[in-house]
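The values are calculated or read from the model by the stated rules, or taken from the named source; none is laboratory data. Remember, it's a predicted structure, so these values are computed and weren't measured experimentally. So basically every Cβ, Gly included, is an ideal-geometry build from the backbone, and we count neighbours across all protein chains shown.
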């Protein structure tokens, strides 16, 4: 980014590096855990927990009401705001937990899954646990302390799912292995935060402070509600009309696709939202950050989605085994939407940082409605139909949020499209190479692992050669700028390491 403040630029890139470490580590662990748990548990086990998480994730939004982002975005933050956010989030967490606990039989009845009742009730404990972490986590984000946040999430997920979840699955606990993993992760996330950065609560909370936070928080919460519904309503449709087994298969396909989404989208979103909030009154710097992030996300996600879709049969066979072959077609469709699922995050960060949360909110509510409509129409054609309906909704949401981004950033549509041309060129090249390699290895009857590794290696090698020989065509100006900035950071860090002295 062309930020004239070296310190803020340095902190932003350093924050991206830490969030990249977090996202990469979490993605690697999630993929490994996903493979292990998928082989140890049944589609019905995943279907039950996925059905429960539809309502848990939906209700989590009401237990926080946008308090955290309001703390991050607020230009002038006082002690009374911190105290108010802490106690309000904790109290709302308890209240929502009680409501969900009481509503568990109705949720089970909706899905026609009687075994959902105890699962929903145990998972409702997530709300009061997460409520305690809202204020300290938001303050750390505001201070750009991403190293602590990154390491916290890696440890919590590794112990929660990697240790507790896998161990209980090996011992035959079935669905309860997933429940215990989720609760363990929530407890560890909150415990680490409360120990490392407890909020100072010397000032009493006030009703005025609550209203000030809610002025931003309500818009943020409504928009977040739309995103949550959009991310869960396809699971709701699948579980309600296609059953637990189909939901288990669809949720595996969705989670497999979400690995690159979390790896790439979160890197920019988690760093750029608090960074943009610091310069929210400088349109030039905001526009520069928006275009830079859009170009980089397109470079990484558009080729990745096509390569993953081509190699989907081998990926599923290697990772999950032959009994999960039915999720290949919906997975391929969802993989083509990776870039739409991640790139809209730039407009999302920009609108939240500048306080345009209500303009963002109606778009996300419309997005949720489009996902429901697409999934419901598509379910008549099975899982692939659901995935196709979701892909159409993703594309429309991408256009809606792009319009918001170019409006807030005062950018032309041509400039917005122009920064993505290198990604399109690179995607065509990598897609052609991957298709050729996959077709050749399949024709020879080679094992799935050989086709998968050969396809990935060919795509990666071609990308490196293209970036080396024709960086302007393959990366574009923004890709080259980020490459040079990261190289500078690495060289600076290496230069700080003192040379080894004599033995």
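Quick look at the values:
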item	result
All positions within region 449-480 that are in contact (Cβ under 8 Å) with a residue 24 or more places away in the chain and not in a helix (DSSP H, G or I)	475
Filter pass, residue 76 being without any contact (Cβ under 8 Å) to a residue 12 or more places away in the chain, more than 29 Å from residue 365 (Cβ to Cβ), in a helix (DSSP H, G or I) and out of contact with any helix residue (DSSP H, G or I) (no Cβ under 8 Å at 6 or more places or on another chain)	no
Residue under evaluation residue 362, criteria (1) part of a loop (DSSP other than H, G, I, E, B); (2) more than 29 Å from residue 427 (Cα to Cα), criterion not met	(1)
Residue check, residue 449 surrounded by fewer than 18 Cβ atoms within 10 Å (Cβ to Cβ), under 27 Å from residue 322 (Cβ atoms), touching a helix residue (DSSP H, G or I) at 6+ places or on another chain (Cβ under 7 Å) and modelled with pLDDT of 90 or more	yes
Residue check, residue 280 out of contact with any strand residue (DSSP E or B) (no Cβ under 7 Å at 6 or more places or on another chain), closer than 25 Å to residue 416 by Cβ, outside any helix (DSSP H, G or I) and touching a residue at least 40 places away in the same chain (Cβ under 8 Å)	yes
Positions within region 129-149 being free of Cβ contacts under 8 Å to residues at least 60 places away in the same chain and part of a helix (DSSP H, G or I), in sequence order	140, 148
Any hit, region 416-424, residues being surrounded by fewer than 19 Cβ atoms within 10 Å (Cβ to Cβ), in contact (Cβ under 8 Å) with a residue 40 or more places away in the chain and not in a helix (DSSP H, G or I)	no
Verdict on residue 21 being under 30 Å from residue 166 (Cβ atoms) and at pLDDT 85 or above	no
Candidate set: region 338-361, residues that are closer than 14 Å to residue 230 by Cα and free of Cβ contacts under 8 Å to residues at least 60 places away in the same chain; chosen: the one surrounded by the most Cβ atoms within 10 Å (Cβ to Cβ)	344
Options 98, 104: the member that is surrounded by 15 or more Cβ atoms within 10 Å (Cβ to Cβ), assigned to a helix (DSSP H, G or I) and at negative phi	104
Search result, residues across region 40-54 that are surrounded by fewer than 20 Cβ atoms within 10 Å (Cβ to Cβ) and part of a helix (DSSP H, G or I)	40, 44
Residue list for region 79-97, restricted to those being in contact (Cβ under 8 Å) with a residue 60 or more places away in the chain, within 27 Å of the chain's Cα centre (by Cα) and closer than 13 Å to residue 139 by Cβ	82, 85, 86
Criterion: assigned to a helix (DSSP H, G or I), in contact with a helix residue (DSSP H, G or I) (Cβ under 8 Å, 6 or more places away or on another chain), surrounded by 22 or more Cβ atoms within 10 Å (Cβ to Cβ) and modelled with pLDDT under 85 - qualifying residue of 84, 57, 12	12
The listed residue being farther than 24 Å from residue 40 by Cβ, over 17 Å from the mean Cα position of the chain (by Cα), modelled with pLDDT under 90 and crowded, with 21+ Cβ neighbours inside 10 Å, out of 148, 139, 144	139
Top-ranked residue of region 294-323 - restricted to ones that are modelled with pLDDT under 85 and under 24 Å from the mean Cα position of the chain (by Cα), ranked as surrounded by the most Cβ atoms within 10 Å (Cβ to Cβ)	320
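Quick grid of which residues meet (1) in a loop (DSSP other than H, G, I, E, B); (2) within 14 Å of residue 254 (Cβ to Cβ); (3) out of contact with any helix residue (DSSP H, G or I) (no Cβ under 7 Å at 6 or more places or on another chain):
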| site | (1), (2), (3) |
| --- | --- |
| 317 | no, no, no |
| 323 | no, no, yes |
| 329 | no, yes, no |
| 334 | no, yes, no |
| 344 | no, no, no |
| 347 | no, no, no |
| 350 | no, no, no |
| 355 | yes, no, no |
